[in-house]
1. With the condition kept exactly as written, say whether any residue in the stretch 181-193 is of a type outside the set (V, I, T), touching a residue at least 40 places away in the same chain (Cβ under 8 Å), part of a loop (DSSP other than H, G, I, E, B) and on the phi > 0 side of the Ramachandran plot.
2. Can you pull out every residue in the stretch 163-216 that is of a type in the set (K, R) and surrounded by fewer than 22 Cβ atoms within 10 Å (Cβ to Cβ)?
3. Consider the stretch 18-39. How many of its residues are at pLDDT below 95 and in contact with a Leu (Cβ under 7 Å, 6 or more places away or on another chain)?
4. Residue under question is P58, and the condition is that it be of a type outside the set (D, E, K, R) and over 20 Å from A162 (Cα atoms); does it hold?
5. Please work out if V146 is of a type in the set (A, V, I, L, M), over 26 Å from I29 (Cβ atoms) and touching a helix residue (DSSP H, G or I) at 6+ places or on another chain (Cβ under 9 Å).
6. Every residue in the stretch 95-116 that is of a type outside the set (A, V, I, L, M) and either within 13 Å of A78 (Cα to Cα) or part of a loop (DSSP other than H, G, I, E, B) (or both), please.
7. Which of the residues that make up the stretch 194-214 are part of a helix (DSSP H, G or I) and either of a type in the set (A, V, I, L, M, F, W, C) or in contact with a helix residue (DSSP H, G or I) (Cβ under 6 Å, 6 or more places away or on another chain) (or both)?
8. Only one of K236, K167 is of a type in the set (D, E, K, R) and in contact with a strand residue (DSSP E or B) (Cβ under 9 Å, 6 or more places away or on another chain); which?
Amino acid sequence: MTSRPLLLAALLIPLTPAMAVPPGITAAITDPGRPAADKDRDTDRKPAQMLVFAQIKPGQSVIDYLPGKGYFTRLFSAAVGPKGSVYAAQPEVYLEKLSEAGKPKPPSIVGEAGRGNVHDAIANNGSLGAPEQVDLVWTSQNYHDVHIWGGAKATAALNKAAFEALKPGGVYVIEDHAGPAGLDDAGMSKLHRIDEALVKKEVLAAGFKLDGESPVLHNPADPHTANVFDPSIRGKTDQFVLRFRKPR
């Protein structure tokens, strides 16, 4: 039987230059259709390591939950190829908040050249909005926002919806800004961070199994005390990356 220390070591092995990056992921990163603004962020966001960790393959289906301006959506689109599908899922509650604040909807990349496999979706009523079960549910730097909007009830609903959206054996990847241990809802709202242990507890409660952890975005110099938008730390926060799997 594998010992727990060895198992944890296996989960934490980072991608090194000596490890091969699948051609599909390399092609996605070098895709000439990616905007220069996306490519400029690659040094900080480590797309090769992140996509390898997410186990992306051609032909897969992906939900990118709260996709922002489409940084990862474009990468997924190229990596899964024309036989795959990517659903850029915006939660209805988020769109309502933007409307109430008089702000425009997030930009959609549907219609961009070469993105015919990308589809917009609305997440509501316990669904992430995809018309099929998918291989990967992904959310980056947003799980804490769901907690801020609706507390543990909202993240429990998200995790349940992610579980239902996945095929048996599918994976759920969460990347977020690391907060101090025991950070409460008020602290999350102030710092836009979340306690990694809380994320694990909530996602495991939804029926997932922890399948991997990556240190690729870890920054030990981040004291976890500044708001993530503070110029002193913005773009350099300590981030955890967790992969959960839906049992077969």
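The values are calculated or read from the model by the stated rules, or taken from the named source; none is laboratory data. Note that the coordinates shown come from a computational prediction; the quantities given were computed from them, not determined experimentally. Because the Cβ atoms are built from the backbone with ideal geometry, glycine has one as well, and the counts that use them run over all protein chains shown.
1. Within the stretch 181-193 (the criterion being of a type outside the set (V, I, T), touching a residue at least 40 places away in the same chain (Cβ under 8 Å), part of a loop (DSSP other than H, G, I, E, B) and on the phi > 0 side of the Ramachandran plot), the answer is yes, since at least one residue qualifies.
2. K167, K190, K200, K201, K209 - these are the residues of the stretch 163-216 that are of a type in the set (K, R) and surrounded by fewer than 22 Cβ atoms within 10 Å (Cβ to Cβ).
3. Looking only at that region, the number is 0.
4. Answer is yes for this residue.
5. yes
6. Residues satisfying the conditions are G102, K103, P104, K105, P106, P107, S108, G111, E112, G114, R115, G116.
7. Passing the criteria: A197, L198, V199, E202, V203, L204, A205.
8. None of the other options fit; the residue is K167.
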